[in-house]
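To start, the structure under review is shown below, and the notes come after it.
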Amino acid sequence: SQQGEEDPQALSIQEGENATMNCSYKTSINNLQWYRQNSGRGLVHLILIRSNEREKHSGRLRVTLDTSKKSSSLLITASRAADTASYFCATVFGNEKLTFGTGTRLTIIP
Amino acid sequence: ETGVTQSPTHLIKTRGQQVTLRCSSQSGHNTVSWYQQALGQGPQFIFQYYREEENGRGNFPPRFSGLQFPNYSSELNVNALELDDSALYLCASSAGTSAYNEQFFGPGTRLTVL
């Protein structure tokens, strides 16, 4: 079963604009991770945020975590055509393994 | 490129057959996890192997089994294939079993069951 649910399911924006994706989850977590997947191939790890962190940055990526609302957001600034991909959040709780959400399909229009 | 390789890239089988998928982990990694990703869905955890022993299993029936070898490469075996087994199968290697170890994914094997 899927732990997380991304919103929106699909997003199309113009190149250069910012893209925001949200993830909601159901149980307490140790950490939350964001992954990118190009064209149904392997996933690439983007960023990990621990349960005691509220915000984290990596290059053009900004991730926030609100454990009281059981939600996280991924912001990609100054989007590029190469950012076109599916983005997944994945949560970890206790000794459980990665549990992925349903994904957001992002399309950057040149 | 993550250094994790999977074979074959694509595979077509018929219902009831058996299949073996292979994964070579990144150098220095002793842990391999397998995931099933149905079309339009997120990956679902099948199981994890650490130093040749199963270390956690998701909600998959026993006909899904695995192995890890002394060089830390791994196999996923699926018996009595069903149509719903059609999916992208992903393996990921990591330097340990901690939830904080980054997982490096291979490109996947796309299995079609007819």
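The values are calculated or read from the model by the stated rules, or taken from the named source; none is laboratory data. All values reported here derive from a predicted model rather than from experimental measurement. Note: ideal-geometry Cβ built from the backbone for every residue, glycine included; neighbour counts use all protein chains shown. Note: areas computed on protein heavy atoms with side chains; ligands, DNA, RNA excluded. Shrake-Rupley method; radii C 1.70, N 1.55, O 1.52, S 1.80 Å.
When the charge dipole of chain B is built from unit charges on Cβ atoms (+1 for Lys and Arg, -1 for Asp and Glu) and taken about the Cα centre, the candidate among B:TYR100, B:GLN41, B:LEU83 whose Cα reaches farthest toward its positive end is B:LEU83. Taking a Cβ cut-off of under 13 Å around A:LEU43, the surrounding Lys, Arg, Asp and Glu residues balance to a net charge of +1, with basic ones at +1 and acidic ones at -1. Each residue of segment A:96-108 was assigned a 3J(HN,Hα) from its phi angle through the Karplus expression (A = 6.51, B = -1.76, C = 1.60, θ = phi - 60°), giving 6, 8, 4, 10, 8, x, 8, x, 10, 8, 9, 10, 9 Hz with x at Gly and Pro.
Loop-located trypsin sites (Lys or Arg not before Pro) in segment A:79-110 (DSSP state other than H, G, I, E, B) with a sparse environment of at most 13 neighbouring Cβ atoms within 10 Å: A:ARG80.
Put the Cα centre of segment A:10-72 next to the Cα centre of segment B:10-62 and the gap is 24 Å.
When the charge dipole of segment A:5-109 is built from unit charges on Cβ atoms (+1 for Lys and Arg, -1 for Asp and Glu) and taken about the Cα centre, the candidate among A:ASN52, A:THR104, A:ILE76 whose Cα reaches farthest toward its positive end is A:ASN52. Under a 5 Å amide H cut-off, with hydrogens placed 1.01 Å from N, A:THR67 pairs with nothing among residues at least 5 apart or on other chains. Taking the accessible area of the protein assembly as shown, probe 1.4 Å, and keeping the other protein chains in place, the carbon and sulfur fraction comes to 46%. Summing charges over all other residues whose Cβ lies under 13 Å from the Cβ of B:THR9, with Lys and Arg as +1 and Asp and Glu as -1, gives +3.
Note the full-extension length gain between B:GLU52 and B:GLU102 as 0.36 nm times their separation in residues minus their Cα-Cα distance, in nm to one decimal.
Difference between extended and current length: 16.0 nm.
Compared with the rule-of-thumb size 2.2 N^0.38 Å for a compact globular protein, segment A:5-109 has a Cα radius of gyration ratio of 1.01.
In plain terms, if you count all Cα to Cα distances in chain B and split them into 5 Å steps from zero, the share in each step is 2, 13, 24, 26, 19, 10, 4, 1 percent.
Applying 1/(1 + (r/R0)^6) with R0 = 22 Å to the Cβ-Cβ distance of A:LEU11 and B:LEU39 gives a FRET efficiency near 0.70.
Between B:ALA80 and A:HIS57, what is the FRET efficiency for a Förster distance of 35 Å, r being their Cβ-Cβ separation, to the nearest 0.05?
Numbers: r = 48 Å, r/R0 = 1.37.
So the FRET efficiency works out to roughly 0.15.
Annotation note: GluC sites (Glu not before Pro) in segment B:1-107 located in DSSP loop regions with a Cβ neighbour count of at most 15 within 10 Å are B:GLU1, B:GLU52, B:GLU82, B:GLU102. Of the whole protein surface, B:THR5 contributes about 80 Å² of accessible area at a 1.4 Å probe radius. A 1.4 Å probe over all protein chains sorts A:ASP7, A:ASP83 by accessible area into A:ASP7, A:ASP83, starting with the largest.
The GluC sites (Glu not before Pro) of segment A:8-100 that DSSP puts in a loop, and whose beta carbon has at most 16 other beta carbons within 10 Å, are A:GLU15, A:GLU17, A:GLU53, A:GLU96.
Each label point was placed 7 Å from the Cα along the Cα-to-Cβ direction; for B:SER65 and B:ARG15 their separation is 2.4 nm. Restricting the calculation to Cα atoms, every distinct pair contributes to the Kirkwood radius of the protein assembly as shown, found to be 17.8 Å.
For segment B:77-90, backbone phi angles converted through the Karplus equation (6.51, -1.76, 1.60; θ = phi - 60°) give residue-by-residue couplings of 10, 10, 9, 6, 3, 10, 4, 5, 6, 4, 5, 8, 9, 10 Hz, Gly and Pro being listed as x.
Counting protein heavy atoms only and a 1.4 angstrom probe, how many square angstrom of accessible surface do chains B and A bury in total, to the nearest 100?
Details: alone 6230 and 6090 Å², together 10540 Å².
Chains B and A together bury roughly 1800 Å² of accessible area.
At a probe radius of 1.4 angstrom, the accessible area of the protein assembly as shown per residue rounds to 47 square angstrom.
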